[in-house]
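All of the numbers you see were taken from the coordinates with simple rules; none came from a lab. The shown structure was predicted, so the numbers you read here are calculated from the model rather than taken from an experiment. Here the Cβ is made from the backbone with ideal geometry for all residues, glycine too, and neighbour counts use every protein chain on show.
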2 protein chains.
Amino acid sequence: MDSSQFREAAYSAIDESNFTLNYHHPMLFEKIVQYYDTLTERPVLPSISPGYLKPLLPPGPPSEGEPWPQIQADIEKLIQPGLTHWQHPKYMAFFPANASYPGIIGEMYSSTFTAAAFNWICSPAITELETIVLDWIAKMIALPECFLSDSPGGGGGIIQGTASEVIVTAVVAARERMVRKLLTSSGFDPTSHETEEALDLAATIRGKLVALGGEHAHSSTQKAAIIAGTRFRTVPAPQSSNFAVTASALRSTIEACKAKGLEPYYFTATLGSTATCAVDDLEGIAAVARDYPDIWIHVDAAYAGSALICDEYQHLTPPMQHFASFNFNLHKWLLVNFDCSAFYVQCRKDLTDTFSITPAYLRNSYTESGLVTDYRDWQIPLGRRFRSLKVWFVLRTYGVEGLKRFIRGGIKLGEYFNGLLDSRKDLFTVVTPAAFALTTFQVKPESSSTSEEEKKKEEANRLTKAAFEIVDKKQEFFLTSTVVNGVYIIRLVSANERAEEKYVKQVFEALVAAAEEKERR
Amino acid sequence: MDSSQFREAAYSAIDESNFTLNYHHPMLFEKIVQYYDTLTERPVLPSISPGYLKPLLPPGPPSEGEPWPQIQADIEKLIQPGLTHWQHPKYMAFFPANASYPGIIGEMYSSTFTAAAFNWICSPAITELETIVLDWIAKMIALPECFLSDSPGGGGGIIQGTASEVIVTAVVAARERMVRKLLTSSGFDPTSHETEEALDLAATIRGKLVALGGEHAHSSTQKAAIIAGTRFRTVPAPQSSNFAVTASALRSTIEACKAKGLEPYYFTATLGSTATCAVDDLEGIAAVARDYPDIWIHVDAAYAGSALICDEYQHLTPPMQHFASFNFNLHKWLLVNFDCSAFYVQCRKDLTDTFSITPAYLRNSYTESGLVTDYRDWQIPLGRRFRSLKVWFVLRTYGVEGLKRFIRGGIKLGEYFNGLLDSRKDLFTVVTPAAFALTTFQVKPESSSTSEEEKKKEEANRLTKAAFEIVDKKQEFFLTSTVVNGVYIIRLVSANERAEEKYVKQVFEALVAAAEEKERR
């Protein structure tokens, strides 16, 4: 859907009448199509300082209402200067958070049909479309059938806001599943364990539980363990395993925990880590899962999961059948506007057993019939937005083939950038080659600088940081750097809809200049 | 902002060019303005059955993209029949979830400026506008100054999705604040309590913690206690105290917990309970708060909080200065589209001490300068949407006086309905008089039916349920019923933007007919 198609679509979403518009000061107005059409002419990063906005706004809202043109003028004047443009082709930081025109129209309709859709009768279409599009997506990414809503084991998908919210949901459900299991094995009836004795035992059990996450799993697992009030341990993922968790690393961490009297109950396996897009050894971990069936293994594919729509990545999905849950964010790479994380479980009862509370004011004949899904019992908050609409619009507007072309375009750009780095082996070391469009690299010290290994590492870190800071300070591109196992790396991923080879070339030239500047010192 | 103003505003939000539109099949298209303009002609509730949508959709997304008109036609054909219309004047269930035109435009712009705004540099305007509008709102509702972002004690506000999410955030922060305190008093340094000994003690402490909520507090407090992995106890709120928690009830619950060796760490006080809009004895509870300063007291004003913009309700806010936190949902009564819950704390450090984790890839010079707010450390998820934009648009479009008029209109309708019930004392008993536009009532048994008190209660419950079911089955109005302390009540609140006296009169007549139908049996 291009600008003029969006214009027609969005106009038609507002009204069907034929009309002519007149504005007194059109140049003051910020328009959506115009915003996107002029995006490449704007700097990707704002040049304001912290606290820029407060002095520009009155101390409170107006007493009487203001006309829209006055409000709209302030968007361009006050808000635009403070925006970081994630859809800008020079945005190459973190991961993309891609917007699209059909995604925007989805949000328009979703906000029009506003409902706090916490159960089926609150707006049946909201629940039903969500179940359907999540089944579509599960099939698109070749997720094992046990995750479909009509699977015999009672699996299914739900849209939550973000991967971090999903992980809290999984961690808490995993914790309570383990508590119920251990209570049962101690002779308590887990459906009525509200005696003081059972509560004391449950508390003792929780006190020994430990959540695990790979060394390079996203920090949200550690945060989820804090929220769940349990311990957290890291599973090593050294550079020698390309920053991925191996089966043996997971197994020895589990055994070390058990040797200390702790009970591992949860593990986040990562498909595309934040720092380097590493993929944990999913097949090996599946074998560990079979040996420890009470540990809830969740696969976090927040960013890279979108690539699973392409056949060439679908060899990654068969091991999922051995894991309890899986998620990826359609709002990262799959052109659905933020927020939209698809969360799949093999056993939805694992969620409802923990999160379902039905006070009198939420009872209704549909819920009691058991024929409907009340998604509130699959998540932390009660209310929910109509997020499936934007997903439906995006899937239908691009089509599966269109989305594959988009993903493959990003992957190709990553390979192009990796190739540019390889063309200057005198200046750069690729630390992790292009994976899911992300490449990480270092600036190489002069070979003569030192022969000592440790000193060389320090020098590479120092030079890389210095080069990053030169580029970062100029604010022409938005990149991120990080440190993995003591290695300072620059991360580069260019995978939004406006990404193009020429911008990747430009950022490479900026990096060469920065690296050479350091070389000369 | 009326339909034609929204049309002009929304068109102008999309493009500034003058144009004429032509559609081949305009009647197939569902339009936003048209949706609202024809809302009253539609039934408030859908008449489809569970599972209606799946047979109407293909088994998967299309291979190649479809043109917009084809997608848009399906909104009217497939989605509309499955919607419950929360903006319909015959929607009088639960609480309102009010939408408004400026709210919709806010979501349009928010999705246009898509960013996963987890820290300041991710898009500074998103953070800064949020801080500013939350200060505006705190002043509008006369919240004590300790909740402002520039208060000496370091308070402030954040927008989260829903009250239930806010309550999980408060409960977990409260739990960890208590754990840190008790670790410190046992001689551990809470900033570095990662030794096994400290972790064991922390687990033992958590095992004795108990969260409290009023008997009629929203179920989200109980759910939050489950998520936090701690016990939960209810504080009685009987009909004799108008279903509100009194200071003495809270005090004796706290003391009963302590007598059992449990440690109360959190309490939700309610300003406008879900069932009856009861207000707990906030002044009395403030005195309890002074005696138990380590218990985190949160005030949940999810629905009724919007009324605090009116001077005549602001006598309720001074006790807040004794409580740790407060929230209300602008998406319920204040015309900001779902989701938007304003959450205020007196001490933001209580949040960041629990939720802040900064891995290498999230470090940046702005965060490290300490001059900026990174709201991710005040909440459970990492990423966040640009929600303050719709708040800003709504506040400016209506103005404070316009919003007050709207709130007072709802309150007046509630009183009108209460008056109608009073005019038929032969048929109805008002259980809780109009409070924040909500009235709850019962159908009255014939006076001769029985003289036994218990039997009379049963008969009133039976008749009320029967009358509710008659009205509910006809689906002309959407109402909810619930049970409080064994009393079956019908709840009625008509407080959306299309609410009018005539609809309240109509629902009253439907209730009279239903009650009389039962009388005759």
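For the segment A:375-381, counting C-beta atoms of other chains within 10 Å of every residue's C-beta and taking the mean gives 5. Convex hull volume of the Cα atoms of region A:315-470, normalised per residue: 219 Å³.
Annotation: region A:364-440 has a Kirkwood hydrodynamic radius of 16.8 angstrom, from the mean reciprocal C-alpha pair distance. Backbone phi angles across region A:425-442, fed through the Karplus curve with coefficients 6.51, -1.76 and 1.60 (θ = phi - 60°), yield HN-Hα couplings of 5, 5, 9, 10, 10, 6, 7, 10, x, 2, 9, 6, 6, 9, 10, 10, 7, 10 Hz in residue order; Gly and Pro are listed as x. Summing charges over neighbours of A:GLU66, with a neighbour being any other residue whose Cβ is under 13 Å away from its Cβ, gives -2 when K and R count +1 and D and E count -1. Across region B:455-471, rounded Karplus estimates of 3J(HN,Hα) from the backbone phi angles (6.51 cos²θ - 1.76 cosθ + 1.60, θ = phi - 60°) give 5, 4, 4, 4, 5, 4, 4, 5, 5, 5, 4, 5, 5, 4, 5, 5, 5 Hz, Gly and Pro being marked x. Quick one: pull the percentage of alpha-carbon pairs in region A:406-520 with a separation above 18 Å. Here the tail beyond 18 Å accounts for 47 percent of pairs. For chain B, the relative contact order comes to 20 percent (Cα pairs under 8 Å, sequence separation of at least 6).
What aspartates and glutamates does A:LYS474 reach when the alpha-carbon gap must be under 18 Å and sequence neighbours fewer than 8 apart in one chain are set aside? Of all the aspartates and glutamates, those that pass the test against A:LYS474 - Cα under 18 Å, at least 8 places apart if same chain - are A:GLU41, A:GLU509, A:GLU516, A:GLU517. Peptides B:91-102, B:164-175 ranked from most to least packed give B:164-175, B:91-102, packing being the mean of other C-beta atoms within 10 angstrom over each peptide's residues.
Over region A:406-520, what is the mean sequence separation of C-alpha contacts under 8 Å (at least six apart), divided by residue count, expressed as relative contact order in percent? Reported relative contact order: 30 percent.
Pairs exceeding 22 Å between alpha-carbon atoms, taken from A:LYS31/A:LYS332; A:LYS223/B:LYS223; B:LYS332/B:LYS404: A:LYS31/A:LYS332. As a test of the formula, what do you get for the protein assembly as shown when each DSSP H run with n ≥ 4 contributes -39,500 (n - 2.57) and the sum is divided by the residue count, at 222 nm and rounded to the nearest 500 deg cm²/dmol? Taken over the protein assembly as shown, the calculation gives -13500 deg cm²/dmol. For B:ALA360 and A:ASP291, what does the FRET efficiency come to when R0 = 25 Å and r is the distance between their Cβ atoms, rounded to the nearest 0.05? Once the sixth-power term is evaluated, E becomes 0.15. For the protein assembly as shown, the Cα-based Rg and Dmax, in that order, read 28.5, 106 Å. The modelled label-to-label distance between A:ALA256 and B:GLU66, using points 7 Å beyond Cα along the C-beta direction, is 5.3 nm. Taking amide H as placed 1.01 Å from N in the peptide plane, B:ARG231 has its amide H under 5 Å from the amide H of B:LEU209, B:ALA211, each at least 5 places away in sequence or on another chain.
With R₀ set to 25 Å, the beta-carbon distance separating A:ARG405 from A:GLN314 gives a calculated FRET efficiency near 0.90.
The overall shape of region B:168-270 is prolate: from the C-alpha gyration tensor, with semi-axes ordered a ≥ b ≥ c, the ratio a/c is 1.5 or greater and a/b exceeds b/c. Rounded, prolate or oblate, given the Cα gyration tensor of region B:142-228, with a/c below 1.5 counting as rounded? Because a/c hits 1.5 or more and a/b fails to exceed b/c, region B:142-228 counts as oblate.
Residue-wise HN-Hα couplings along region B:494-504, as the Karplus relation 6.51 cos²θ - 1.76 cosθ + 1.60 with θ = phi - 60° gives them from phi, are 10, 9, 9, 6, 9, 4, 8, 3, 4, 6, 5 Hz; Gly and Pro carry x.
Going from the residue with the fewest nearby Cβ atoms within 10 Å to the one with the most, B:ARG405, A:ARG348, A:ARG408 rank B:ARG405, A:ARG408, A:ARG348. For region A:24-80, the square roots a ≥ b ≥ c of the C-alpha gyration tensor eigenvalues yield an a/c of 1.5 or more together with a/b not exceeding b/c, which makes the shape oblate.
Normalising the average separation of contacting C-alpha pairs (under 8 angstrom, six or more residues apart) by the number of residues puts the relative contact order of region A:221-310 at 27 percent. When A:GLU130, B:GLU76, A:GLU64 are sorted by how many other C-beta atoms sit within 10 angstrom of their C-beta, beginning with the fewest, the order is A:GLU64, B:GLU76, A:GLU130. Across peptide B:166-175, the mean count of Cβ atoms from other chains lying within 10 Å of each residue's own Cβ comes to 2. In terms of overall dimensions, the C-alpha atoms belonging to chain A reach 75, 70, 49 Å along their principal axes, ordered largest to smallest. Please give the FRET efficiency for A:GLU41 paired with B:ASP37, using the beta carbon to beta carbon distance and R0 = 41 Å, rounded to the nearest 0.05. With R0 = 41 Å, the Cβ-Cβ based efficiency is 0.60.
Counting Cβ atoms of other protein chains within 10 Å of each residue's Cβ and taking the mean over peptide B:383-395 gives 4.
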